[in-house]
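Scroll down for the structure; my scribbles are underneath it.
The values are calculated or read from the model by the stated rules, or taken from the named source; none is laboratory data. Please read all numbers here as calculations on a predicted model, not as lab measurements. FYI the Cβ positions are ideal-geometry reconstructions off the backbone, even for glycines, and counts take in every protein chain you see.
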Amino acid sequence: MQRFHFNISPIAAGLVLTLGSANALATDGYFSTGYSVKSQGVGGASIAYPQDGLAAASNPAGTAWVDDQIEAGITLFTPNRNTEITGSPVPGANGSYDGNATKNFLIPEFGYAQKISNTTSVGVAVFGNGGMDTDYSNSPFAAYGGQGSAGVNLEQLFIEPSVAFKVDQNNTLGVGVNFAYQQFSAKGLQGFSQASADAANLTNRGTDTSTGWGLHLGWLVHLTHDLTVGATWSSKINTGKFSDYSGLFADGGSFDIPESYGIGLAFKATPTWTLVADIEKIKYSQIVSVANPLANLFAGNPLGSANGPGFGWQDVTAIKLGASYDVQPSVTVRAGYNHSGQPIPADQTFFNILAPGVVQDHLSFGASWKTSSSGELSLFYAHAFKKQVNGSSSIPSSFGGGEANINLTENSFGLAYIWKL
């Protein structure tokens, strides 16, 4: 049996670093495409391809197949979000609006993995699962009664301790417990006051927080020496309500985190080439404050009520493809592609001026360099291609009619370092 060395100092430092992070609009809807610098390099495909101490974020069974290590990284995330309102008879409404008053976001990550016996490994993954941010200095809602700048900021931090068990030489099961911490703020939405069940808690209430717990299960099997298959499931997380925004989100400020699940495979085509693929389903339709359409407002359900309107998002399926090539024993290069379904229907773009998570196609590149026998430096770059959703009957007649067209582009660059234990 291996001796269990639990080095608390770098773990605590990593937790403190990540707890101080700000997370912004992600890419598969508002979920991240991947949860580490290495996984981002292959388009996020990591259910059957554990590479680092953050393996449990994708599949808790993967912790058993990585070296004992501590991993810390940071990503610079730069989204470009814009809105155009056309065909509105409301004075001052038509025009183009830039939602980028806040432009750059730093997103830290932290991972720890260690074997405690020949069959059991433990880990801790700390990561941003998703979020959204818009900041319009020139508010697209000013013509409708909004005051000052407008936008929202949602941050979601996950801390996932996990354990992985090798059932036999080829099969591993993993269990993780997800602790979710959320922060939310909104501003400039005074024009929706008459449509709210609690106008005093609709907008400009500062930052509110909520927490919740969920379960994450995973399985990984080596079918052959060259072919690995994995599966993972994360439960819906019922979080506390954003009481300071009980007049905005349905059911008195509810904003739970949806269930997700997926399968993946990794194929070692040659001694130096590995090909990977994942399919992931994200169940946005489970969350009333995300999925309820704006039409609920006109069926007698004001903002913040039990069946109040939300953003009208629908479930998405993300397909992730990647390749890894060992140039030499100390250098690896990666490339990946990620395509997700469109969560925002064309008739829901008006409210999604606040959350234009419309990008669908992402291309990424990455590399790693083993700097010593116990250290490795990794980096990635990812680009989410510009996507625009043009509104169709998107602005209700009670707000004057017309269309809201929303678009988004994203760039990310990340660095991480691994210390072998």
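Scanning the stretch 154-176 for residues that are in contact with a Leu (Cβ under 9 Å, 6 or more places away or on another chain) and of a type in the set (S, T, N, Q) turns up Asn170, Asn171, Thr172. Filtering the stretch 264-274 to residues that are more than 11 Å from Ser46 (Cα to Cα) and either surrounded by fewer than 21 Cβ atoms within 10 Å (Cβ to Cβ) or touching a Pro at 6+ places or on another chain (Cβ under 9 Å) (or both) leaves Phe267, Lys268, Ala269, Thr270, Pro271, Thr272, Trp273. Here Leu106 fits the description: of a type in the set (A, V, I, L, M) and farther than 23 Å from Thr228 by Cα. Taken together, Ser121, Ser162, Ser149 contain a single residue that is free of Cβ contacts under 8 Å to residues at least 60 places away in the same chain, of a type outside the set (Asp, Glu) and surrounded by 20 or more Cβ atoms within 10 Å (Cβ to Cβ), which is Ser121. If you go through the stretch 349-389 and pick out every residue that is buried (at least 24 other Cβ atoms within 10 Å of the Cβ), more than 24 Å from Ala295 (Cβ to Cβ) and either under 16 Å from the mean Cα position of the chain (by Cα) or not aromatic (Phe, Trp, Tyr) (or both), you end up with 8. Looking only at residues in the stretch 105-141 that are farther than 18 Å from Pro356 by Cα and small (Gly, Ala, Ser), the one that is modelled with the lowest pLDDT is Gly128. The set of residues in the stretch 299-321 being outside any loop (DSSP other than H, G, I, E, B), more than 16 Å from Gly253 (Cα to Cα), in contact with a Ser or Thr (Cβ under 8 Å, 6 or more places away or on another chain) and not hydroxyl-bearing (Ser, Thr, Tyr) consists of Val316, Ala318, Ile319, Lys320. Of the residues in the stretch 207-221, at least one is touching a residue at least 12 places away in the same chain (Cβ under 8 Å), within 30 Å of Trp273 (Cβ to Cβ), β-branched (Val, Ile, Thr) and in a strand (DSSP E or B). The single residue among Tyr49, Tyr30, Tyr97 that is aromatic (Phe, Trp, Tyr), in contact with a Phe, Trp or Tyr (Cβ under 9 Å, 6 or more places away or on another chain) and either at pLDDT 95 or above or farther than 30 Å from Asn352 by Cβ (or both) turns out to be Tyr97. Listed conditions (1) surrounded by fewer than 18 Cβ atoms within 10 Å (Cβ to Cβ); (2) of a type outside the set (Gly, Ala, Ser); (3) farther than 27 Å from Val124 by Cα are all met by Leu202, apart from (1). Of all residues in the stretch 340-366, those that are under 19 Å from Gly262 (Cβ atoms) have Cβ atoms under 7 Å from Cβ atoms of residues that are in a helix (DSSP H, G or I), 6 or more apart or on another chain, in Pro343/Tyr284; Ser364/Gln40; Ser364/Gly41.
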